[in-house]
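Throughout, read-outs are computed from the coordinates displayed, never taken from laboratory work. This one's a predicted model, so the numbers in the text were calculated from it and none came from an experiment. Note that each Cβ is placed from the backbone with ideal geometry, even for glycine, and that neighbours are counted across all protein chains shown.
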Amino acid sequence: MSEHTRHLRSALFVDFDNIYLGLSQGGAGGEDEFARNPARWLRWLERELEYQGPGWEAVAGRRRILVRRCYLNPQTFHRARPFFIRAGFEVVDTPALTAQGKTSADVQMALDVVDTLNHTTRFDEFIVLSGDADFTPVLRRLREHDRYTAVLATGPTAAAYRSVCDLVIDEERFVEEALGITGEELASARAAAAIDGASPELLTRIGERARDLAAMTGGIQPVHLPAIYKEFREFSEGENWLGFYSLRAMTEAVVDVTEGLTLVGEDPWWVGLVEPAAGAEGEEPGAAGSDAPGDVGLSEAERPALEEFVRDLVGRTERPLSLATMAHLMLDEFGDDLRAFQWRGAGSFKGFLERLDIEPIRISEADTGYIFDPERHADPAEAEEEDWFGERWPDLARFAESIHELTDTPYLSPEQYAVVLSEMAAEINECGFHMTRTSKAVRDRCYGRGIMVPRAAVSFLLKGLSYSGYPLHEAGPHSVEELGRAVADNTLTLCQRAQMEPNEEQEEEIRKWILGGLEGEGPEEVGSAGTSGAV
């Protein structure tokens, strides 16, 4: 790309039938919005979709889709044709050529993509909206010509297809951001109904407790929130998260009524502090925003004792200390006045420590927050995460890891699968199924059970169930065992698609992996170490 290029030159190829049917069958929704409002998601592709290819610094946020080509079956989807024409697309009709309804869209698209390589305009990027693995050779050809590729694939896609793309556009992100389909209507209704069951006074008390802990540690991971909430009798006596029905919805309500708290991130998310603005009216000297160690509101007489206390304590411990533990010990030693004005203007306990001279003691970048002596302790952020699965099921874990690498089936222990499947069944039975809403809700339910399962892992399982024909949309009840057997069956199908034909022993191992936790064959506790959830 020329250094004088002011925008990214892109060519877009849309397999309409594939995407429309994928959105419809997979339960993500948005197929009608995709068909009737292409201008909307086209703007999203141009303005919001990231680009990390060659020369990305020069073109960030300045994509121009110069070629817009849509391939559709006019016999089935003729109603969508005028909307794409109005959005500036060249619509290529690809009618059914066989009695089974097979069209020539994939072949026509592949030929056009290769022809576009020789266009007088050198396109920097090719965007392909299709989950058809037949395009794998085409994407390889684009890579050989040093072109950047982005693919939107709805439904299950072959690992080889994804591996030759520079960017795989997440289906749920496309539905939520590009199509504007969030599936949050039910959650909003629940939140409104919960107001009567959870008074602002109770939420404020919970929030103040959470704020104190967040100030000590710099933030609270969602797996630790239930323990905080259980300190309050009103919460422990209920069974529906004070009427909000999910950890995330209740936490949002707590944050809304608590000054100084905020939700950070999406997946994963956590509770953090709103940092005071530098120079704000009424701000104490040494407030957050300054990097100078001397800016903490401490007298010269206080500082040496604090620094020596930290160095001596951490230098004697056998393992790193959590920031929460260190904060409690310092408050016991020096008094509660130490955290006045948001830890003497530092904004958080972590910020307070960072402005002290405590060499050689260091603060880890691990999410949970630790302080350690690098001469005696390993940095928790650099230490390998405990393989909880591998320790308890060593042979099964090795087998599961190989299946995960082959099919992307989430690498979770049998006990973790039991939690995910049980929360999935509960959510679908209580609220019905909508891909976007259900994947979020199940993730948050798992957080409430003490394990951090990524939303992508939940989505993978839900999509597999949906595309394999399991009736997620039908009224329940759906049993945990039914869902588990369907997940195991889909995993076997994915193995076959990846050209691995499991023998009887391997099939038994797969079912033991997915269903073993439901049958009580392993350790009873799931454990917070089961947070990896690699996907």
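Quick notes on this structure:
- Database remark: amide H of VAL453 closer than 5 angstrom to the amide H of TYR447 (H placed geometrically; neighbours at sequence offset of 5 or more, or on other chains; Pro and chain starts carry no H).
- Per-pair calculated FRET efficiency, R0 = 35 Å: ASN503 and LEU117 via Cβ, rounded to 0.05: 0.20
- Placed amide H near SER468: partners under 5 Å, 5+ positions off or other chain: none
- By average C-beta atoms within 10 angstrom, highest first, the peptides 72-79, 32-39, 471-478: 32-39, 72-79, 471-478
- Förster radius 51 Å - calculated FRET efficiency between ALA301 and GLU48 (Cβ-Cβ, nearest 0.05): 0.40
- For VAL91, residues with placed amide H under 5 Å, excluding near neighbours: CYS70
- Computed from backbone phi, the HN-Hα couplings of the stretch 103-116 come to 9, 9, 4, 5, 5, 4, 4, 4, 5, 5, 5, 5, 4, 5 Hz, rounded to whole numbers (Karplus: 6.51 cos²θ - 1.76 cosθ + 1.60, θ = phi - 60°; Gly and Pro given as x).
- A full extension of the chain between GLU430 and LYS102 corresponds to an added length of 114.2 nm, given 0.36 nm per residue minus the alpha carbon distance.
- For the residue pairs LYS230/LYS440; LYS463/LYS512; LYS230/LYS463, alpha carbon separations beyond 25 Å are given by LYS230/LYS463.
- With θ taken as phi - 60° and the Karplus curve 6.51 cos²θ - 1.76 cosθ + 1.60 applied, the whole-hertz 3J(HN,Hα) list for the stretch 137-147 is x, 5, 5, 4, 4, 4, 5, 4, 8, 6, 10 Hz, x standing for glycine and proline.
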